[in-house]
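Trainee: My questions will all concern the structure given below.
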Amino acid sequence: MFVTMASGGEPSAPAGAMLVRDGRIAAVGPAGAVRAAASPGARVVRLDGATVVPGLIDAHCHVADVGYLAAGADCSQPSAPDIPAVQARLREAAGRTPRGSWVTGSGYVEYKLREGRHPTRSDLDQAVPDRPAVLYHTSLHACVLNTAALAEAGLADRQPDPPDGAFGRDSDGLLDGVVYEGPMFELFVRNLRADLARMDAAARARLVQTASGRLAAFGLTAACDADMRQDSLPAFAEADADGLLSMRIYGLVVHDQVDWLLASGLRGRRSDRLAAEAVKIWADGGMSSRTAAIYGSYPVPPYGSGILYFGRDELTEMVRDFDARGFQVAIHAQGDRGIETALDAYAATLTRGAAGAARAARAAGAAGAGGAGNPLRHRIEHGGALYPPLAARAAALGIVVVSQPGFLSTLGDGFAEAFGDRSEQLYSFGSWQRAGTTVAGSSDAPVITADPRLGIRDAILRRTGSGRVLGSAERLTSRDALALYTRRAAFAARREDEIGSLEPGKLADFAVLDANPLDAEPEQIPGIGVLATVVGGIPVHDSGGVFPGG
Ligand SMILES: [Zn+2]
């Protein structure tokens, strides 16, 4: 059984076979017709009742970070339910971390730990007393440092808060080791860069392979890397040149690295597997770290109204500049204040002058066609608090919204705590879609697991970890939920002509599942087995023995 996700709907006669030739789909349809189109001696693979779906696409993921953090301590749930477990995992990671590198852990959420608080520097000191250690919050918008790491980062006890972030403090006002936003990003990038620089080509290739191997096991065949930098893009390019890149990567290059990108010669489509044609900008902070820029203030720590990285004029200048240079722009915007600033910048760019105004009017009329007035397909990443009036504006501008349904079950209870009544309107996929916006699905891994089955279930059910439904009117049908991770994600990555559905002429990217997600009970979707994953006709994952002999 083949679920084609073709834009015109499924074929009237269910597709029971597919012909792959030279890495592309040559035919898909009734078995007899497909067999007739095949050359004599074509290899036949029997799928025995399995379901084939288009290769799943994660439209916003931190692929290099997945590979990088996979080498450190896994402090996520359920591996590390409390602070002693976090300590044990860090202690164990210290044993295998090379001297010179910081001992690294990741994946904790303070309100999910049994203690219900962030670990502190002294918790970390007990586990790793003699060398720097860092524990990254799952949002990657906060982290905890031990005393040695605070010293190496040059952070002193009476350190004032920087304008783009904050430090956690104990009752005496001394640093407790928790670092939010700006200084946390600096540390993460510095550590990632130092560790990548310390790696030889083989180790960098291993990092890329680890990451893509993990994603392939989930049925993913393509991902947008939402944090591509001068340290990571060359690693992908090396792996690609050596034939080791087993998935398609679309790089969103961090805005302050664009000059480097232009000088590097890596801009654009490098191969079938690697492209870097978009720019990433952060407008505000994160949802689970309660630093997204909102109107009003958070009733939970660290309180405040979140962090806005750029004023409206500054952001508009940046967007105009990248737009003029032909880059697709992807702005991280989570809180309503952050989203409004991003939409203002897009509106000023896309409706500039008479031509722009006409373009915008056309787009408003043709909303849903997917951004006729937004030819480069500028995007909003996340869009957590994209409330109805903002959603209407985004739709009129033809902005593509790339969001994360899987946050609902993993982080949703924390959102409810931080947003109260308005939490029903967070991540309102149903409303966005009804407003005519193209919504693409993604994980934001390693913030949460990269497993798209979780996101598909959550887009349908919208249930938090405690079982509460957040915004029942915002549920999607199973077909729309699957479209988030196939057709619509392909559109967000500007490759819908080649991936995202099973149609003749497209690349032969697909996943073989042991059940049809469109027929399954939504609760059962995360349990559907990924038997095999195929990129360009080549199996890159085969736990089901679907392709004996490769
Ligand atoms: Zn992200």
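The values are calculated or read from the model by the stated rules, or taken from the named source; none is laboratory data. Note that the structure is a prediction, hence the values are computed from the model and not measured. FYI the Cβ positions are ideal-geometry reconstructions off the backbone, even for glycines, and counts take in every protein chain you see. We work out accessible area using only protein heavy atoms, side chains counted, and drop any ligands, DNA or RNA first. Shrake-Rupley method; radii C 1.70, N 1.55, O 1.52, S 1.80 Å.
Trainee: Let me know the charge dipole size of the chain about its Cα centre in debye, to the nearest 20, where only the beta-carbon of Lys, Arg (+1) and Asp, Glu (-1) is charged.
Mentor: 1340 debye
Trainee: Amide H neighbours of G373 under 5 Å, at least 5 residues apart or on other chains, H built in the peptide plane: list them.
Mentor: Excluding prolines and chain starts, which carry no amide H, the hits are A363.
Trainee: In whole Hz, with x marking every Gly and Pro, tabulate ³J(HN,Hα) for the range 27-40 from phi via Karplus 6.51 cos²θ - 1.76 cosθ + 1.60, θ = phi - 60°.
Mentor: Per-residue couplings from phi come out as 7, 8, x, x, 3, x, 5, 5, 4, 5, 7, 6, 6, x Hz.
Trainee: Give the calculated FRET efficiency between E523 and D259 to the nearest 0.05, with a Förster radius of 45 Å applied to their Cβ-Cβ distance.
Mentor: Once rounded, the FRET efficiency stands at 0.40.
Trainee: Would you pull out the residues with amide H under 5 Å of G177's amide H, same chain only if 5 or more places away, H placed 1.01 Å from N?
Mentor: Residues meeting the criterion, in which the H sits 1.01 Å from N, are R121, G168.
Trainee: With all protein chains present, how much of the accessible area of the chain (probe radius 1.4 Å) comes from carbon and sulfur, to the nearest whole percent?
Mentor: Percent of accessible area from carbon and sulfur atoms in the chain: 52.
Trainee: Which value in nm describes the separation of the simple spin-label points at R352 and Y111, placed 7 Å from the Cα toward the beta carbon?
Mentor: Here the modelled spin labels are 4.0 nm apart.
Trainee: How large is the direction-averaged shadow of the alpha-carbon convex hull of the range 15-147, in nm²?
Mentor: Mean orientational projected area (the range 15-147, Cα hull): 12.7 nm².
Trainee: Compute the label zone of E424 within the range 456-479: residues whose backbone N is under 14 Å from the point 7 Å along Cα-to-Cβ.
Mentor: 469-475
Trainee: Please report, in whole Å³, the volume per residue of the convex hull around the C-alpha atoms of the range 234-339.
Mentor: Once divided by residue count, the hull of the range 234-339 is 116 Å³.
Trainee: Taking θ as phi - 60°, what are the ³J(HN,Hα) couplings along the range 495-503 by the Karplus curve (6.51, -1.76, 1.60), each to the nearest whole Hz, with x for Gly and Pro?
Mentor: Calculated HN-Hα couplings, in order: 10, 5, 6, 10, 9, x, 7, 9, 9 Hz.
Trainee: Right, next: Report the full-extension gain for the segment D172 to S466: residue separation times 0.36 nm, less the Cα-Cα distance, to one decimal in nm.
Mentor: Taking D172 through S466 to full extension adds about 102.3 nm, to one decimal.
Trainee: Still on this structure, I have one more. So with the 1.4 Å probe, I'd like the accessible area per residue for the range 121-240, rounded to whole Å².
Mentor: 35 Å²
Trainee: Next up: Roughly speaking, what is the centre-to-centre gap between the range 268-290 and the range 457-519 when only Cα atoms are used, to the nearest Å?
Mentor: 20 Å
Trainee: Based only on Cα atoms, what Rg/Rh ratio does the range 125-243 have, Rh being taken as Kirkwood's radius?
Mentor: My calculation of the ratio gives 1.06.
Trainee: When the helices in the chain are scored as -39500 (n - 2.57) per DSSP H run of 4 or longer and the sum is shared across all residues, what 222 nm value do you end up with, to the nearest 500 deg cm²/dmol?
Mentor: It lands at -10000 deg cm²/dmol.
Trainee: What's the angle, to the nearest 10 degrees (0 to 90), between helix 353-365's Cα axis and the longest principal axis of the chain?
Mentor: Approximately 70 degrees, to the nearest ten.
Trainee: Another one. A33 to D344: extension gain in nm, 0.36 nm per residue of separation minus the Cα-Cα distance?
Mentor: My answer for the length gained is 106.8 nm.
Trainee: Whenever you get a sec, line up I538, I307 from highest to lowest accessible area (probe 1.4 Å, protein heavy atoms).
Mentor: I get I538, I307, largest accessible area first.
Trainee: Where does each of S271, S232 land when they are ordered by accessible area, with a 1.4 Å probe and the largest first?
Mentor: The most accessible residue leads, giving S271, S232.
Trainee: Same structure, new question: Whole-Hz ³J(HN,Hα) for each residue in the range 411-428, computed from phi via Karplus 6.51 cos²θ - 1.76 cosθ + 1.60 with θ = phi - 60°, x for glycine and proline: what do you get?
Mentor: Each residue's phi maps through the Karplus curve to give 10, x, 5, x, 4, 4, 5, 7, 10, x, 4, 6, 4, 4, 9, 6, 6, 8 Hz.
Trainee: A further question on this structure: If one takes the longest principal axis of the Cα atoms in the chain, at what angle in degrees, from 0 to 90 and to the nearest 10, does the Cα axis of helix 83-96 lie?
Mentor: Once rounded, the angle reads 80 degrees.
Trainee: On to the next question. Using amide H atoms built 1.01 Å from N in the peptide plane, name the residues 5+ places from G16, or on other chains, whose amide H lies under 5 Å from its own.
Mentor: The list, which skips near neighbours in sequence, is G29, A31.
Trainee: Further, regarding this structure: Based on Cα positions only, what radius of gyration and what Dmax would you give for the chain, in angstroms?
Mentor: Taking only Cα atoms of the chain, I get Rg and Dmax of 23.0, 79 Å.
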